[in-house]
Amino acid sequence: MKYLKLFVIIFLTVTSITCNGQVIPPPPLYPVPTQQQLDWHELEQYAFIHFTTNTFTGKEWGFGDEDPDVFNPSKLNTDQWAQTIKDAGLKGLVLTCKHHDGFCIWPSEFTEHSVKNSKWKNGEGDVVRAVSESCKKVGLKFGIYLSPWDRNRADYGSPSCVEYYRNQLKELFTNYGPIFEMWFDGANGGDGYYGGANEKRKIKVPDYYDWPTTIEMIRKMEPNIIFFSDAGPDVRWCGNESGYVGDPNWCPINNDSIYSGKKDILNYLNHGYETGRKWIPAEVDVSIRPGWFFHESENSKVKSSERLFEIYLTSVGRGANLILNIPPDKRGLLHENDVKSLIGWKKLIDQAFANNLAENASASADSYRGNSPDYQASNLIDRNKDTYWASDDHILDGSIEIDLKSEQPIKYIVLQEYIRLGQRIKAFNIEAYVSGDWKQVGNGTTIGYKRIVKIEPVEAKKIRINLTDSKACPVISNIEIY
Ligand code: FUL
């Protein structure tokens with residue numbers, strides 16, 4: 001009887017993951033990312049550019065009554081922006097086409113508060129055009145930020161202002177695409193010029209903007225667009241502007257509760273939600289300077305290459321994307337100090353991740369799915385993101401060993417889940433085989449698209465990754481060791 005039971009268990013386990021003699025892949029653990037979100041994850045990092053009248057007035061939030069002549073860069077060179085950003089290893093650029101002051105840095109036909117009324121280039125200038133073309137030249141993705149809060153408009157707070165916003169989106173998406181990401185920021189309502197009313201206005205969030213209609217309109221023009229806002233729908237805010245996402249960092253959240261006065265909302269956005277219903281991964285927005293706009297007085301406060309490297313580890317290294325703001329100066333150039341920091345940062349990344357020791361290693365695991373080579377441990381180090389190691393459905397943990405064959409100095413371990421099938425891992429630790437003994441050198445909670453674990457530096461011959469808890473059978477596509 002005992003043996004019969006055991007036989008039935010083994011039979012069920014094996015047959016449930018096979019079909020016509022083939023071991024079938026693990027079923028997806030919902031929610032899972034869309035193809036657009038997967039492509040977005042692979043970008044990992046891109047630049048943010050804040051540039052408008054504030055650059056010249058020294059403000060962070062313009063009131064909306066700026067004289068268009070104030071905007072007057074003496075040496076605007078968007079090729080310098082794009083080339084620097086490319087050299088720094090970033091994959092795209094999101095430009096503030098209009099910040100809260102409402103000033104448009106393209107000649108919008110729907111407002112007078114625009115570069116078309118600046119003395120700069122006799123009103124013929126178009127920063128959005130120049131930036132989108134510079135991006136194309138060097139192969140950067142181009143994204144836009146268009147503030148829905150408009151402190152210049154007399155009708156802010158009325159339905160016509162939402163129409164105005166949509167008209168401008170049509171203008172941008174038809175004339176300046178392709179556009180990979182669209183930024184809707186959270187600031188809204190408050191005091192402003194509002195066509196001369198000089199008053200405080202409060203709007204009802206999020207009802208006033210009717211985002212679903214706007215988003216549908218844009219998706220028709222740009223089907224692959226990624227929308228960023230506090231609550232998504234494609235990408236969420238990480239809950240701070242200091243350069244980190246939480247550990248754990250779950251991609252899923254329930255975004256319908258974000259505007260319902262939810263307590264501790266910043267923490268919720270920072271960590272995501274293990275049982276969330278929608279895949280809305282975090283984006284970490286942070287500026288290389290204290291402010292979002294250029295201020296002469298902050299030239300000595302540019303974040304160092306080392307600080308940027310730490311930010312890289314707490315954003316990209318925790319499965320979020322990084323959007324790093326680099327504000328051009330009054331000349332219309334990225335300042336020398338910022339460029340120096342960026343290039344130094346790229347060097348630090350290149351040095352730290354130069355030599356992947358896992359490439360010449362061998363990998364084994366305590367089990368693999370249905371004992372099928374399709375899911376064996378060597379898939380973890382084959383440099384193919386489409387292959388993965390997985391366990392049987394009922395096994396929610398696992399131990400993976402990477403044998404480096406000789407003692408090597410190690411500082412970082414990179415782990416990637418095969419997120420097409422959902423985010424699964426809840427906890428893991430890392431051991432190193434040092435002088436004949438296993439020693440724990442690191443641990444973490446979630447992995448997601450990418451996890452970079454900075455371990456206590458060791459010289460080790462073998463590394464063991466123990467997946468100690470998972471929502472469903474673990475599915476890992478890549479391991480790197482540096
Ligand atoms: C915030 C804005 O209020 C800041 O000025 C900046 O643009 C930042 C990226 O988003 O919501």
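Each value in this text was obtained by applying a stated rule to the coordinates, not by laboratory testing. This structure is a prediction, so every number in the text was calculated from the model and none was measured. All Cβ positions, even for glycine, are placed from backbone atoms using ideal geometry, and neighbour counts span all protein chains on display.
Scanning the chain for DSSP H helices at least 18 Å long along the axis (C-alpha atoms) with a Kyte-Doolittle mean no lower than 1.6 picks out nothing. Taking 0.36 nm per residue of separation and subtracting the Cα-Cα distance, full extension of the segment from Ala197 to Asn371 would add 55.4 nm.
Annotation: amide H of Ala47 within the under-5 Å range of Lys91, Gly92, Leu93, Val94, Leu324, sequence separation 5 or more or interchain, hydrogens built in the peptide plane.
Ranking Gln376, Ser74, Ser160 by Cα position along the charge dipole of the chain, where only Lys, Arg, Asp and Glu carry charges on their C-beta atoms, puts Gln376 farthest toward the positive end.
Going 7 Å from the Cα of Ser406 along its beta-carbon direction, which residues of segment 348-364 have the amide nitrogen within less than 17 Å of the resulting point? Counting backbone N atoms under 17 Å from the label point, the list is 355-362. Positive end of the dipole of segment 53-185 (Cβ unit charges, origin at the Cα centre): among Ala130, Cys104, Leu90, the Cα lying farthest that way belongs to Leu90. Taking every DSSP bridge with both residues inside segment 35-352, close to 20 percent are antiparallel. By the count of other C-beta atoms within 10 Å, a proxy for reagent exposure, Leu172, Leu404 are ordered fewest to most as Leu404, Leu172. For the chain, relative contact order (Cα pairs under 8 Å, six or more residues apart, normalised by length) works out to 15 percent. Distance between Cα centroids, segment 150-201 to segment 411-482: provide it in whole Å. One Cα centre to the other: 45 Å. Were the residues from Ser160 through Glu109 laid out at 0.36 nm apart, the gain over their Cα-Cα distance would be 16.8 nm. Neighbour counts of other Cβ atoms within 10 Å put Ile105, Ile479 in the fewest-to-most order Ile479, Ile105.
The three principal axes of the C-alpha atoms in segment 208-331 carry coordinate ranges of 43, 34, 28 Å, sorted with the longest axis first. Sorted ascending by nearby beta carbons within 10 Å, beginning with the fewest, Trp237, Trp438 become Trp438, Trp237.
The alpha-carbon of Lys86 sits under 15 angstrom from the alpha-carbons of these aspartates and glutamates, leaving out residues fewer than 8 places away in its chain: Glu44, Glu133, Asp338, Asp350. Grouping the Cα pair distances of segment 74-118 into 5 Å bins from zero gives a pair-distance distribution of 5, 19, 19, 19, 18, 13, 6, 1 percent in increasing distance order. Using only Cα coordinates, the Kirkwood hydrodynamic radius of segment 192-232 works out to 12.6 Å.
Among residues other than His113 with Cβ under 11 Å from its Cβ, the summed charge is -2 (Lys and Arg +1, Asp and Glu -1). With a threshold of 27 Å on the Cα-Cα distance, the over-threshold entries among Lys91/Lys262; Lys385/Lys411; Lys346/Lys411; Lys141/Lys471; Lys200/Lys278 are Lys91/Lys262; Lys141/Lys471; Lys200/Lys278. Note on the chain: Cα-only Rg and Dmax are 25.0, 92 Å.
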